[in-house]
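This report concerns only the one structure given below.
The values are calculated or read from the model by the stated rules, or taken from the named source; none is laboratory data. All figures in this text were calculated on a predicted structure; none of them were measured in a lab. Every residue, glycine among them, receives a Cβ derived from its backbone with ideal geometry; neighbour counts consider all protein chains shown. Ligands, DNA and RNA are excluded from the accessible area calculation, which covers all protein heavy atoms including side chains. Shrake-Rupley method; radii C 1.70, N 1.55, O 1.52, S 1.80 Å.
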Amino acid sequence: MSDFSEELVRPTTEDEQGEPCVRSGSGMCFPWLQNHIESIASGGKQEKDFAQTTSACLSFIQEALLKHQWQRAAEYMHSYLQILEDTDSNKRQGAPEIIWRLGSEILYYHPKSNVETFNTFADRMKNIGITNYLKISLQHALYLLHHGLLEDANRILTQAETWRYGEKSSSQEVLITLIQAYKGLLQYYSWSKKKMELSQLDKDDYAYNTASQNMLNHSWKTSINLCALIQIPGVWDPFVKSYVEMLEFYGDRDGAREVLNNYAYDEKFPSNPNAHVYLYNFLKREKAPREKLISVLKILYQIVPSHKLMLEFHRLLRKSDKQEHHKLGLEVLFGILDFAGCTKNITAWKYLAKYLKQTLMGSHLAWVQEEWNSRKSWWPSFHFSYFWAKRNWKDDKTLACEKALVAGLLLGKGCKYFRYVSKQDHQVLKKKMKQMKKSVKKYSIVNSGL
């Protein structure tokens, strides 16, 4: 079976010199692609049924892709191209999109591939799969963006923006809107650079007024392209962030707030933690009341209990005058430490050790028991085993002390973790260890006095 990658990079042989051949700028040869383009253009069909061969090739390609065997996938891909001549019209019509998806994936990762090869493949596939022109153009532009070729990407998007084929369908409208939004993102990048240049100029300087006017022109074009997309339900994080930054820069804080509120709370949009993060950060910049900040983070907590903003959420709850917020503050800390990625978060353990002690001192044993009852069957082995006591003490003694206090308060002085840490001899932490033992003796929830 032919080597797909070698077909792309090998020089033309004498036998092929008279044969039509699609070439890239670097001299790469695509005779197989030219043959199939001509075959499709002329409406040629083969009588032979390719169903079994193409089905087998597709399975081999998928297996190779899963195993990251790009060379093997390329070899099978060369044979899979015969599906373009399948007598089954449904298979033939769906083939260009499949070939594009598989071929672009191979060319993206294949060691012998480069930007010119990808460009040539993309341009030809746009002509073969005419109904997929917009999708291919968008993915082609994203590939160029990934390689830092912003001007080339903008050119591809501009061409696609004005492309039409037959009657405009709803799916075409969405794709065109998305293409325009990516153009807007490129314009935002240019605007952002001008904003940086503007910050370095004197406001009384003539150059400042010129640069400011250029920025305004860019922002007008960008806002039109971005605004249309973020009205459509979806996850549009980079577009929303860019649009809001521009609105804030020009003083339209009401407009920015409306965009972020819609993005976070409109039921037509999918649940998105980042939408609440953006709204929270905006409200912080506005110095919004604590109650408002708490209400935003409360929703984020329900979606992602381990989010890095949860420690900030705890601090806000702790400062509140409401007892229900104090209770929730304890729940939030336990929730953070339920996740494996947070087990060594020393700030979370410090907060829990301090807040747990304060809660018990404040006669709120029921709050602690409510949180502990659902965790006492698995937290001891998850956090407080002898293994973790030794490991934590070796790696981070301060972390070990904070965890030991929590372990002692929840499990008593007989807990393996607490016993191991409390028996260690460490001059610097001697005072802290003494206070820890006193706190466990007095406030541990296993003591009958509580």
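Length gained on full extension, residue 265 to residue 308, computed as 0.36 nm times the residue gap minus the Cα-Cα distance: 13.4 nm.
In the context of the full protein assembly, residue 63 retains an accessible surface of approximately 70 Å², using a probe radius of 1.4 Å and ignoring ligands and nucleic acids. By a 1.4 Å probe calculation restricted to protein chains, residue 312 has an accessible surface near 40 Å², given to the nearest 10. The charge dipole of the range 223-268, taken about its Cα centre with unit charges on the Cβ atoms of Lys, Arg (+1), Asp and Glu (-1) only, comes to about 60 debye. Just how far, in whole angstrom, is the range 64-83 from the range 384-442 if you go by their alpha carbon centroids? Cα centroid of the range 384-442 versus Cα centroid of the range 64-83: 57 Å apart.
The overall shape of the range 297-362 is oblate: from the C-alpha gyration tensor, with semi-axes ordered a ≥ b ≥ c, the ratio a/c is 1.5 or greater and a/b is no larger than b/c. Taking 0.36 nm per residue of separation and subtracting the current Cα-Cα distance, fully stretching the chain between residue 365 and residue 59 would add 104.1 nm.
Only lysines eight or more places from residue 183 in sequence, or on another chain, were considered; those with a Cα closer than 29 Å are 126, 135, 168, 193, 194, 195, 221, 241, 268. Accessible surface for the range 296-339, divided over its residues, is 44 Å² per residue with a 1.4 Å probe. The chymotrypsin sites (Phe, Trp or Tyr not before Pro) of the range 357-387 that meet both conditions, a loop assignment by DSSP and at most 11 other Cβ atoms within 10 Å of the site Cβ, are 378.
Tell me whether the range 77-190 comes out rounded, prolate or oblate; compute the Cα gyration tensor, take square roots of the eigenvalues as a ≥ b ≥ c, and use a/c under 1.5 as the rounded threshold. Cα axes put the range 77-190 in the oblate bin.
Decide, for the range 335-450, between rounded, prolate and oblate: order the square roots of the alpha carbon gyration tensor eigenvalues as a ≥ b ≥ c, take rounded if a/c falls under 1.5, and otherwise choose prolate if a/b is larger than b/c, else oblate. It comes out oblate by the Cα gyration axes. Net length available on complete extension from residue 425 to residue 319 is 34.5 nm, with 0.36 nm assigned per residue and the Cα-Cα distance removed. Taking a cut-off of 22 Å, what percent of all Cα-Cα pairs in the range 274-408 are separated by more than that? The calculated P(r) of the range 274-408 puts 40 percent of pairs beyond 22 Å. Once both labels are positioned 7 Å from their Cα atoms along Cα-to-Cβ, the gap between residue 98 and residue 174 label points is 2.3 nm.
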